[in-house]
Amino acid sequence: MIHVHTLILGGGLTGLSTAYHLQKIGRTDYLLAERESVCGGLCKSVYKDGFTFDYAGHLLHLHTPYGKKLVRMLLKANLLRQERRAWIYTNNARVPFPFQANLFALPPDVRQACVDGLVKAAKAPPNTAPKNFKEWCINAFGKGVYHAFMRPYNTKLWGRAPEEMTADWCGPFVPLPAPDEIIKSAHKPPRKKFGYNNYFYYPQTGGCQALVNALAKRVTNLRLNSPVSHISLRKKTAVINGETVSFDYLVNTLALPAFLKLVTDEPALTRAAEKLTVQPVTVYNLAVRGAGKQPFSWIYCPDDKDPFFRVGMQSSFSPNNAPESCRAYYVELSGKIPQMPAAEKRIWNALLQKGIIDTNDEKLFSFWQFLPFAYAVYDKNRAKTVQQTLARLEKRGCFCAGRYGKWEYSFMETSLLQGLETAKKLV
């Protein structure tokens, strides 16, 4: 048995950030255990034949001075600032993002329904406490926008109807133009940009793995190929790769439901894990040779006829993500999709129909990825279960951090900052 002051589980951004900031404070009596042979979690990158693919879209939205300072320190000159070029393809129209601020691009009947719905919603008594995401959307945008985009897109993404979800996650992620701004957008494009991601940062070379590697180089006590199989919070021990490690404090960045099932002496935590819901995502990655296509960042696809909910152009994030005259795409499908030729053909036909690829493009290769813990679902059980669980864990000296450790919807920057916050708590 070995003993450490702090045991950190998971070598993604949050775990690495926690270890890095502990070292900066002068605490080196920690162990960071990562089950894979490479750090990064879902922030890893795949390199193949001159192409770079991430695990779906991983872009840096930096909103705090320290977040910007940290990323610039880690990546130095290997950092690009890109302007968002995002669209919604629906009703055979290409609508700039966000949908609710660009009604001018819709067919006339859909546009009018969106305006009428907003006017009606504005005249209704204010609903200050919407019970679910559906009510929140209608309160903010009216039934027209809800039925044209919010309902179909979010149903496809989350795998459930909006009335089955809360609106706890919406804050920074769903742009909220004022009603008059929405109505004006029915007549002409807005001058103002909306959303948290008007601009984003991305490594010039190496994909998002470049950020992970830069952080991992500054972490000393890192152990790869080290999965955890059992945890005792009462005894303060964990079995890692067959070896027992004792600790004073535990930092968990693993997906919260999976982590709770590893705890062997807290039955209440095992029961809590069953109340947390996840929406997995299947990713189809595609490399083609062919030039002349307009670059874009990503496209939302709410229509039922499309098998995917979003398409990202990996090669638009950095020119180094694909060889010259080539393009790289990632296609996101909600749920666990059978990785069969029929599914690939359906994806290919939908991409052709939208003009994302054409018959002159040469397919170089494709491959699939499955992300079992992609989105923490904000259903009626989540808020209370997470709050009670995290409080119970802290009483046992266990701190959860990061998008998956806290079971939330958040940014990569948030993961880095929560590593800093956790290190401060430990000291």
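Just so you know, all these numbers are worked out from the coordinates, no wet-lab data involved. It should be emphasised that the depicted structure is a prediction, and the values quoted were computed from it without experimental measurement. Quick reminder, even Gly has a Cβ in these numbers, built from the backbone with ideal geometry, and neighbours come from all protein chains shown.
Summary table below
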{"read-out": "Hits in the stretch 233-246 - residues which are surrounded by fewer than 23 Cβ atoms within 10 Å (Cβ to Cβ) and outside any loop (DSSP other than H, G, I, E, B)", "value": "237, 239, 240, 243, 244, 245, 246"}
{"read-out": "Positions within the stretch 168-209 being aliphatic (A, V, I, L, M) and either in contact with a strand residue (DSSP E or B) (Cβ under 7 Å, 6 or more places away or on another chain) or part of a loop (DSSP other than H, G, I, E, B) (or both), in sequence order", "value": "174, 176, 178, 186"}
{"read-out": "Residue check, residue 390 in contact with a strand residue (DSSP E or B) (Cβ under 8 Å, 6 or more places away or on another chain), assigned to a helix (DSSP H, G or I) and without any contact (Cβ under 8 Å) to a residue 40 or more places away in the chain", "value": "yes"}
{"read-out": "The stretch 115-146, subset surrounded by 17 or more Cβ atoms within 10 Å (Cβ to Cβ) and of a type in the set (Gly, Ala, Ser), residue nearest to residue 175 (Cα to Cα)", "value": "140"}
{"read-out": "Strands (runs of 3 or more DSSP E) fully within the stretch 263-376 counting 3 or more residues that are under 30 Å from residue 9 (Cβ atoms) and within 25 Å of the chain's Cα centre (by Cα)", "value": "278-289, 326-334, 362-376"}
{"read-out": "Residue that is surrounded by the fewest Cβ atoms within 10 Å (Cβ to Cβ) [pool: residues in the stretch 385-395 that are within 22 Å of the chain's Cα centre (by Cα) and of a type outside the set (A, V, I, L, M, F, W, C)]", "value": "387"}
{"read-out": "Subset of the stretch 29-69 that is among the polar types (S, T, N, Q) and surrounded by 15 or more Cβ atoms within 10 Å (Cβ to Cβ) - its residue that is farthest from the chain's Cα centre (by Cα)", "value": "52"}
{"read-out": "Residue, surrounded by the most Cβ atoms within 10 Å (Cβ to Cβ), within the stretch 70-107, restricted to residues that are in contact with a Pro (Cβ under 7 Å, 6 or more places away or on another chain) and in a helix (DSSP H, G or I)", "value": "100"}
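Residue by residue, here is whether (1) surrounded by fewer than 16 Cβ atoms within 10 Å (Cβ to Cβ); (2) among the hydrophobic types (A, V, I, L, M, F, W, C); (3) within 30 Å of residue 396 (Cβ to Cβ) holds:
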| site | (1), (2), (3) |
| --- | --- |
| 269 | no, yes, yes |
| 279 | no, no, yes |
| 285 | no, no, no |
| 291 | yes, yes, no |
| 306 | no, no, no |
| 312 | no, no, no |
| 317 | no, yes, no |
| 321 | no, no, no |
| 327 | no, no, no |
